[in-house]
Amino acid sequence: MLQLYFSPMACSLASRIALMEAGLDARYHLVHLRTKQVVDDDSDFHQISPKAAVPVLVLENGERLTESAAVLQYIADLKPDAGLAPRPGDPDRYRLQEWLSFVGSEIHKAFLFPTFWYKDDASLAKPRARIGRTLSVPAAHLADRKFLVGDSFTVADAHLTWALLLLGAAGVDIAQWPSLAAYLQRMQARPMVRDAVATEMALRRTMATSPA
Ligand SMILES: N[C@@H](CCC(=O)N[C@@H](CS)C(=O)NCC(=O)O)C(=O)O
């Protein structure tokens, strides 16, 4: 069975959403990101991945896959009929890659990661100055679209949904971008997204760790 190392409301939430949307069973291992402890058995998360970052997906053959963009596409490709990624050869597959990279680098690493890990005003001045311009890109894209890629839910939507969910706690009110606020509301109305978030929010209340 697939196994996902995750931390509640961290970027691994997108992988949980993807697994659930694909209808794939997995074992979930909770990781405490500050202490790098795997909570199941108190082991050291560095032994699972030298990056010590979630998500880590353990494949059926025992190999470990990291990096959200790769993990999300892998999950999508396990169940092509679920439509979570355009198939190889479809030009929209590059659009999916484009959005996965954008969320991972421009929103996650450029803004959410420093906000939750560094916290001091001097380190955060530039990320804070830039995030509005960054978010105006998906806001404009979604002004007349329901989904990031094509006309159905893909793993890029799982990734952006996670990022948008964290923005409030990072001090950004997405009501400034009505198309993003409406998009997030639509995504949260999806049963799998709602269940995945409820599961992780319940866990999060029990532990003090960083979500990004
Ligand atoms: N490039 C990686 C980043 C993964 C990442 O930064 N995960 C965060 C949680 S959202 C983490 O585990 N941080 C712990 C750390 O960096 O020490 C990806 O996109 O999956």
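The values are calculated or read from the model by the stated rules, or taken from the named source; none is laboratory data. As the structure is a prediction and not an experimental result, all values here were calculated from the model. Cβ atoms come from the backbone with ideal geometry, glycine included; neighbour counts cover every protein chain shown.
Would you pick out the residues in the stretch 95-113 that are touching a Leu at 6+ places or on another chain (Cβ under 6 Å) and away from the ligand (no atom under 11 Å from the Cβ)? Give the derivation first.
Here is the first cut: in the stretch 95-113, the residues touching a Leu at 6+ places or on another chain (Cβ under 6 Å) are 99, 103, 112.
Result: Trp99, single match.
If the requirement is being within 23 Å of Met201 (Cα to Cα) and either in contact with a strand residue (DSSP E or B) (Cβ under 9 Å, 6 or more places away or on another chain) or within 10 Å of the ligand (Cβ to nearest atom) (or both), which of these qualifies: Ser49, Ser7? First the steps, then the outcome.
Values: Ser49 fails: within 23 Å of Met201 (Cα to Cα).
That would be Ser7, the only listed residue that is within 23 Å of Met201 (Cα to Cα) and either in contact with a strand residue (DSSP E or B) (Cβ under 9 Å, 6 or more places away or on another chain) or within 10 Å of the ligand (Cβ to nearest atom) (or both).
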Inset, instruction - Give the stretch 50-78 a look and list any residue that's in contact with a Ser or Thr (Cβ under 6 Å, 6 or more places away or on another chain) and farther than 22 Å from Asp25 by Cα, or say none. - result: Lys51
Inset, instruction - Kindly indicate whether Leu24 is of a type outside the set (Ser, Thr, Tyr), at pLDDT 95 or above and either out of contact with any Ser or Thr (no Cβ under 9 Å at 6 or more places or on another chain) or within 12 Å of the ligand (Cβ to nearest atom) (or both). - result: yes
Inset, instruction - Please tell me if Arg64 is out of contact with any Gly (no Cβ under 8 Å at 6 or more places or on another chain) and within 15 Å of the ligand (Cβ to nearest atom). - result: yes
Inset, instruction - Kindly list the number of the only condition in (1) more than 18 Å from Ala82 (Cα to Cα); (2) away from the ligand (no atom under 16 Å from the Cβ); (3) buried (at least 16 other Cβ atoms within 10 Å of the Cβ) that fails for Pro211. - result: (2)
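In the stretch 33-65, which residues are more than 19 Å from Ala10 (Cα to Cα), charged (D, E, K, R) and without any contact (Cβ under 8 Å) to a residue 40 or more places away in the chain? Please lay out each step first, then the result.
From the stretch 33-65, those more than 19 Å from Ala10 (Cα to Cα) are 41-43, 47, 59-63; that's our starting set.
Pick out the ones that are also charged (D, E, K, R) and you get 41-42, 60, 63.
Hits for the stretch 33-65 are Asp41, Asp42, Glu63.
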Legend entry - Contacts under 6 angstrom Cβ, first residue in the stretch 79-90 being at positive phi, partner surrounded by fewer than 16 Cβ atoms within 10 Å (Cβ to Cβ) and part of a loop (DSSP other than H, G, I, E, B), 6 or more apart: Gly83/Ser152
Inset, instruction - Evaluate the following for Lys126: is it free of Cβ contacts under 8 Å to residues at least 40 places away in the same chain and either within 23 Å of Leu19 (Cβ to Cβ) or within 16 Å of the ligand (Cβ to nearest atom) (or both)? - result: no
